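Working notes for the structure below.
Every number here is computed from the coordinates shown, using simple stated rules; none is lab data. Quantities reported herein were computed from a predicted structural model and do not represent experimental measurements. In this analysis, Cβ positions are derived from the backbone assuming ideal geometry, glycine residues included, and neighbour counts consider all displayed protein chains.
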Amino acid sequence: MSVSAPYAIAVWRRNAAMYRRTWKWNILPNFFEPVFYLFSIGIGVGAYVSEMGGMSYIAFLAPGLVCVATMNGASFEVTYNIYVRLIFEKAYDAMLTTPIEPDDVLAGEVLWAITRASIYGGCFFVVLALFGLAPLPSSLWVLLVIPLTGLLFAAIGIVFSLRIPNIDLFSFYFTLFLTPLFLFSDVFFPLEERLAAPWLWVAEALPLLHPVRLARASFSGEFSPVVVGDLCYILGASIILLSLARRSVRQRLTN
Amino acid sequence: MATPSLTAPNVVVAKAVSKRFGERLVVDQLELQVPAQACFGLLGPNGAGKTTTLRMIYGVTRATSGTIRVFGMDIDRHLRSVRSRLGVTLQQNVLIESLSPKENLRVFGRYHLLREPELSRRAEELIEFLDLRSHANVPVRQLSGGFQRRLAIALSLMNRPELLILDEPTTGLDPAVRLVLWSRIRELRAAGTTVLITTHYMDEAQRLCDTVAIVSSGKVIDAGAPAELIAGRLAPETVELDCTPEEEAALLDGFGGTNRRLRIGRRLMLYVDDESGLIERIRGYDRGDRRSVIVRPTNLEDVFLALTGASLEGGS
């Protein structure tokens, strides 16, 4: 059975209907968290750093933090929120009494995670633009990087969520996976200046590295051929992970 | 198939359906025929395989063997088209607590790809039909259990289903709410909806269902109209009293008037066509010290107990 767009959109609209009720409360923390990082590290720590990657530290930090905000947005959605819908709210059990199929559920949830992630990333980008930290118009390219980042982290998180036996394991996902990504993916310092060549190849495996490089390229307006590799990584990894997720979602929802 | 039938065709036909979860056989060679436009009850104790059977009928659980046809279509091959024509109320209410009943109905209607103006029109009709008007715009989490249950049933009616599947629809509800739901279910049936209901409340089955199938350990052990099952399995009248097995033996020694009896602890139930001879006998046995004796019509509960629960002994 293949995915049907109208049914996937119906799944998306369920989440959108709930979000419309709560966005005023949800959007504030999304907005502030990366802003705190920007000021604390960018302005605080940045005062002691004359330049990084050929620019002021806060300017270096800005594009990476867009990706971090997006990654967090997607990750919360496909971990805790999906788990609540699956186990506690039983939302998918109800959907599967209608013509909606597990593939539609997966597609709708991934679309929704991309939406939420784009709200997170987009809000932060607006803040950057207001502070003059997003060079216009070239940095507008990041508006394409944001949904791609959302897709990648939706795919990673959903595979994890569908395969864990209980909700407690999400803290591992956040502290042992997302936090190191956050710290070691070119966001705070240029990896290529700090890592020996063989380790740079290992670092290529880090999923956050690729969106961050794309965001950095957008902000600088200089696109090297490396961005093609980054795009391929994001799309390739998402496709592989989502095909794994297809099988898991069917196993979790039907038997 | 070739023989023309005067009655409506069956909406659900299950043939030799089995379901195994690992080593555990949950449904065992089950046979089921749900006639169109009737109310059909699937009765059985908890764990009898009722919910698994329902899940196989709407295609979320796949049978290990056997075939299930719904509306004449193989459920495995025509999942979307079968599901677009049926509605399911799950055992546990699945509602979006932060949204109002009206919003819940609209979200659910979209699962069936309903669009405006039909979406709003149908939501309004169901708000009326299930008496949801008074709290139609209040978040669901503030509503009582009975109200939430009515909303859950309303959701499953959004697509005007030809087959309505209700899994334990009135469990945990107060008597007034149960009566309201029963009358709505009867109205739906009268309007031509086929209703398939699971319950372990025998009074509910007896009041609502044209036909019942009694399920135990994943098998249908008897099926038919409630009155036929009672007449066929037991007898129209039941006499209930407390007594020891020794008293029972003494009391019924040489008494030919009862053909069936059932004991649960100290409680003895005797099924008779006419209770007068038996009452006389009990009074004679008790002399002046009259014990409490209840005479009542035999119901499905008795049949159910006789078939599944306590040991049923043939009469003398």
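Averaging the Cα positions of each part gives two centres, and for segment B:114-141 and segment A:132-148 these lie 43 Å apart.
For the protein assembly as shown, the fraction of alpha-carbon pairs lying more than 44 Å apart is 37 percent, rounded to a whole number. Annotation for segment B:121-192: chymotrypsin sites (Phe, Trp or Tyr not before Pro) lying in DSSP loop with at most 12 further Cβ atoms inside 10 Å of their Cβ do not exist. Between 0 and 90 degrees, the angle of helix B:145-155 with respect to the longest Cα principal axis of chain B falls at about 60 degrees. In summary, the helical segments of chain A meeting the span-like criteria, namely a full DSSP H run, a Cα extent along the axis of 18 angstrom or more and a mean Kyte-Doolittle hydropathy of at least 1.6, are A:142-163. Lys/Arg Cβ at +1, Asp/Glu Cβ at -1, dipole of segment A:5-253 taken about the Cα centre: which of A:130, A:15, A:146 is farthest positive-ward? Value: A:15. For the segment A:84-97, counting C-beta atoms of other chains within 10 Å of every residue's C-beta and taking the mean gives 5. Normalised by residue number, the volume inside the convex hull of the Cα atoms of segment A:46-177 is 128 Å³ per residue. Counting pairs of Cα atoms in chain A, how many percent are more than 28 Å apart? For chain A, the fraction of Cα-Cα distances above 28 Å is 34 percent. Evaluated over the protein assembly as shown, the count of Lys pairs having alpha-carbon atoms less than 24 Å apart is 9 (only pairs 8 or more residues apart or interchain).
Measuring max minus min along each principal axis, the C-alpha atoms of segment A:65-121 give extents of 41, 20, 13 Å (largest first).
Convex hull over the Cα atoms of segment B:231-314, averaged projected area in nm²?
5.1 nm²
Report, please, the projected area of segment B:158-197 averaged over directions, based on the convex hull of its C-alpha atoms, in nm². Intermediate results must be reported in sequence, preceding the final value.
Details: hull surface 11.5 nm².
Across all orientations, segment B:158-197 yields a mean hull projection of 2.9 nm².
A straight line joining the Cα centroids of segment A:187-240 and segment A:39-113 runs 18 Å. Please report the antiparallel percentage of DSSP beta bridges with both residues in chain B, rounded to the nearest 5. Within chain B, antiparallel bridges account for around 70 percent of the total. Compared with the dominant Cα axis of chain B, that is its longest principal axis, helix B:118-129 is turned about 30°. Counting only Cα atoms, segment B:3-87 measures 42, 27, 26 Å along its principal axes, largest extent leading.
Normalised by the number of residues in chain B, the average gap of Cα pairs under 8 Å and 6 or more apart makes the relative contact order 20 percent. Against chain B, whose longest principal axis comes from its Cα atoms, helix B:101-111 is set at around 70 degrees. Note that segment A:1-116 shows a convex hull volume over its alpha carbon atoms of 120 Å³ per residue.
Please sort by residue number the GluC sites (Glu not before Pro) in segment A:162-225 whose DSSP state is loop and whose Cβ has at most 11 other Cβ atoms within 10 Å. The qualifying sites are A:222. Computed from backbone phi, the HN-Hα couplings of segment A:77-92 come to 5, 8, 9, 4, 5, 5, 5, 4, 5, 6, 8, 8, 7, 6, 4, 6 Hz, rounded to whole numbers (Karplus: 6.51 cos²θ - 1.76 cosθ + 1.60, θ = phi - 60°; Gly and Pro given as x). Computed across chain B, the Kirkwood radius stands at 21.7 Å (inverse of mean 1/r, all Cα pairs).
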